[in-house]
Amino acid sequence: MSFMPRFKKRYILLALVLGYLLFANSCMTMRTSNRGTTHFFEEQQVSYIDTNRTIQHRNLHYIQTGKQDGSTLVFIHGSPGSWDAYKAYLTDSTLLEKFRIIAPDRPGFGKSDFRKSMALKPQALVLNELLKQLDNGKPFTLIGHSYGGPLIVQMALEQPALYTNLVVLAGALDPDEEKPEKWRKPLTWIPLKYLVPGALKPSNDELWMLKQDLKQLAPKLHKLKPRTLIIHGKEDKLVPFQNVPFMKAKFSGVDSLKIIPIEKENHFIVWNQEQLVKESLIQWLTASK
């Protein structure tokens, strides 16, 4: 007689779990819808390209604005995130007049094979292939925030001839400063990883792998060549400022290195210090000519 109630409870529990997954994933995509993208650029009166390419059997999505035949700024977002972290940069009138601007969704985020995570080097290889296909013969500048910092360094080490400048915004490069929370590891296991909602799943995966990725990257940093600008908040609690002296010591082979520390500033300099970042970027690129 007790079979039916137990049977119903199992189905109720299953329904609740499925409901949670559907609700959580829909709320935690951390990406802008097609309609939202169209509305944003129409409101800003900025022409844009919103497209996908298949690279190494993976789908990569990116937004492009600015001059088709200009030098290229490539903005790489952190973890989690998507192209829309750089909305203000994609529509900035000064940048639009001078540059072609590209902001991809990194693998696993936005509309680039959502939730399918990758480690640092495989991501670099995929993004390098995308940018090689988009090469217009003009200089490339890579700009990376947070996780995007080590990623653009990895990209430049894999393709040293492709990139002229790097801009590391609050980048995590020092493996000793990377202290992944122990709770992250169980959330990379089956079936628990499928319960992590939306963009938090690939973010958790790659952040758990990052310390080991940085250990493998560190011995190669002296080979880095492109001119490099580092901007970092001195009160950054997520990626400590200690990463800056580490980079200064390790980037011994770069053509030119400039560091801009920001007093009393946290990790979110892309948004909190938008004007400073834009002006510093333009000054840095102007000085390279």
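The residues on offer are Leu224, Leu192, Leu187, and the sole one that is touching a residue at least 24 places away in the same chain (Cβ under 8 Å) and hydrophobic (A, V, I, L, M, F, W, C) is Leu224. With the condition kept exactly as written, say whether any residue in segment 111-132 is of a type outside the set (Ser, Thr, Tyr) and within 17 Å of Val277 (Cα to Cα). Looking for residues that are of a type outside the set (Ser, Thr, Tyr) and within 17 Å of Val277 (Cα to Cα), one finds none in segment 111-132, hence no. For beta carbons closer than 9 Å, sequence separation of 6+ or different chains, a first residue in segment 229-248 that is without any contact (Cβ under 8 Å) to a residue 60 or more places away in the chain and a second that is among the aromatic types (Phe, Trp, Tyr), the qualifying pairs are Lys234/Phe241; Glu235/Phe241.
How about segment 166-184: which of its residues are in a loop (DSSP other than H, G, I, E, B) and touching a Lys or Arg at 6+ places or on another chain (Cβ under 7 Å)? So that I can check it myself, show each step before the final result.
Pass one, segment 166-184, residues in a loop (DSSP other than H, G, I, E, B): 170-174, 178-181.
Hits for segment 166-184 are Glu178, Pro180.
Exactly one residue out of Lys258, Lys278, Lys201, Lys211 is surrounded by fewer than 20 Cβ atoms within 10 Å (Cβ to Cβ), part of a helix (DSSP H, G or I) and either touching a Ser or Thr at 6+ places or on another chain (Cβ under 9 Å) or of a type in the set (Asp, Glu) (or both), and it is Lys278. Among the residues making up segment 162-194, those that are surrounded by fewer than 19 Cβ atoms within 10 Å (Cβ to Cβ) and β-branched (Val, Ile, Thr) are Thr188, Ile190. What residue, among those in segment 114-159 that are among the aromatic types (Phe, Trp, Tyr) and in a loop (DSSP other than H, G, I, E, B), is surrounded by the fewest Cβ atoms within 10 Å (Cβ to Cβ)? Step by step, filter segment 114-159, then rank; the result is Phe114. Going residue by residue through segment 70-90, is there one that turns out to be surrounded by fewer than 23 Cβ atoms within 10 Å (Cβ to Cβ), more than 25 Å from Glu279 (Cβ to Cβ) and in contact with a Pro (Cβ under 6 Å, 6 or more places away or on another chain)? No; the residues of segment 70-90 include none that is surrounded by fewer than 23 Cβ atoms within 10 Å (Cβ to Cβ), more than 25 Å from Glu279 (Cβ to Cβ) and in contact with a Pro (Cβ under 6 Å, 6 or more places away or on another chain).
Here, each number is a calculation from the coordinates, and none is a lab measurement. These numbers were taken from a predicted model, which means no experiment stands behind them. Cβ sites come from the backbone with ideal geometry, for glycine too, and all protein chains shown count toward neighbours.
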